[in-house]
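The values are calculated or read from the model by the stated rules, or taken from the named source; none is laboratory data. Just so you know, these numbers come straight off a predicted model, no measurement behind them. Cβ placement follows ideal geometry from the backbone for every residue including glycine, while neighbour counts extend to all protein chains displayed. Just so you know, the surface numbers come from the protein's heavy atoms only, side chains and all, with ligands and any DNA or RNA stripped out. Shrake-Rupley method; radii C 1.70, N 1.55, O 1.52, S 1.80 Å.
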Amino acid sequence: MLLNRRELLVGSAATVALGVQVATVPDPAVAQTPESQSEGTLLDMTFRRDWQPDGKAQGAFYRIILDPGQSLTYLPGPYCGCSGETIKEGTAAEVIMSGAYSISLDRPFIVRRATGVDEEVEPETDVILGTGDAAIYPDALAFGDLRNDGTEPITIFGASITSLDRDEGTFTPELPEEMSTRLSVAIYDAWKTLGDGDIEAVIGRRVLEPGSSSDPYPIDGLESIHVQAGELESSTIPPGESVPIGDPRFIATGGTVAFRQYTPGTQRLLENPFENPATLITLSFRSGR
């Protein structure tokens with residue numbers, strides 16, 4: 001039985017069967033973008049329209065770092081950890097880069113193992129995710145117990161779509177310092193260019209060796225690039241041109257190329273003229289095909 005977001009909300013305390021349709025066949029367009037080259041795609045999935053909040057929304061790229069012994073009571077990824085922020089309706093998906101993440105929530109979600117196998121997780125069920133596993137939350141307005149019971153930090157990269165509606169709501173509990181970081185937010189004006197249907201999200205990893213560069217590639221939808229290690233330069237090539245216009249943008253370790261709306265046909269060029277490899281974590285949002 002296929003459930004929409006509100007049905008998931010109402011039935012969160014019960015055992016719910018998730019009839020999910022999660023993309024497992026690579027999109028040919030993905031093969032032309034940096035997230036699928038070299039290190040490959042970490043997560044390729046579709047946020048169904050009935051998972052997304054009604055009204056105005058925004059997409060976000062986030063990173064979670066959870067030290068050993070730390071725990072949470074709600075999904076922190078879709079939020080900025082700002083004072084006075086309230087829990088909002090939304091949906092999210094994230095991939096475990098390192099560590100062992102223990103999760104039990106008050107509503108169902110999906111675990112995609114590193115092997116590509118999807119598991120439907122019932123409410124109030126403990127599950128442990130390891131490196132390469134992913135969690136997909138049709139309803140990210142969830143509470144429960146999220147823990148790092150291991151001996152090394154957990155690092156997670158994720159994508160979310162959350163409501164922009166303002167209401168009294170429930171205030172988000174304070175997060176551990178430096179625990180959750182919003183890397184980039186696709187504001188509403190840019191987000192609405194993706195339309196009102198399903199949204200594809202691809203999280204990937206790539207290493208640019210010293211002296212190397214990507215081939216110019218079209219920016220399809222909205223894209224954000226986080227430099228996990230090293231340094232790089234990013235340029236854009238306007239439609240109809242063959243070379244970048246203006247100086248490239250320098251991005252150091254921990255920096256992010258933010259989501260931005262570009263004229264259709266704009267291409268991106270990534271270069272590493274520096275002495276060390278550059279490791280990139282990318283997120284692309286595209287209209288569902």
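Quick notes
- Qualifying residue in segment 176-194 (condition: hydrophobic (A, V, I, L, M, F, W, C) and in contact with a helix residue (DSSP H, G or I) (Cβ under 7 Å, 6 or more places away or on another chain)): no
- Screening Pro216, Pro176 for residues that are surrounded by fewer than 19 Cβ atoms within 10 Å (Cβ to Cβ), out of contact with any Pro (no Cβ under 6 Å at 6 or more places or on another chain) and modelled with pLDDT of 95 or more leaves exactly one candidate, Pro216.
- Just one of the listed residues (Thr170, Thr181) is surrounded by fewer than 15 Cβ atoms within 10 Å (Cβ to Cβ) and of a type in the set (Ser, Thr, Tyr), and it is Thr170.
- Residues of segment 69-90 include at least one that is farther than 15 Å from Ile203 by Cα and among the basic types (Lys, Arg).
- Segment 109-129, residues that are open to solvent by less than 20 Å² (accessible area, probe 1.4 Å) and closer than 22 Å to Arg63 by Cα: Phe109, Ile110, Val111, Val127, Leu129
- Out of Leu269, Leu280, one residue alone is touching a Lys or Arg at 6+ places or on another chain (Cβ under 7 Å) and either of a type in the set (A, V, I, L, M) or open to solvent by less than 20 Å² (accessible area, probe 1.4 Å) (or both). It is Leu280.
- Being surrounded by fewer than 23 Cβ atoms within 10 Å (Cβ to Cβ), acidic (Asp, Glu) and closer than 20 Å to Arg260 by Cβ is not true of Asp196.
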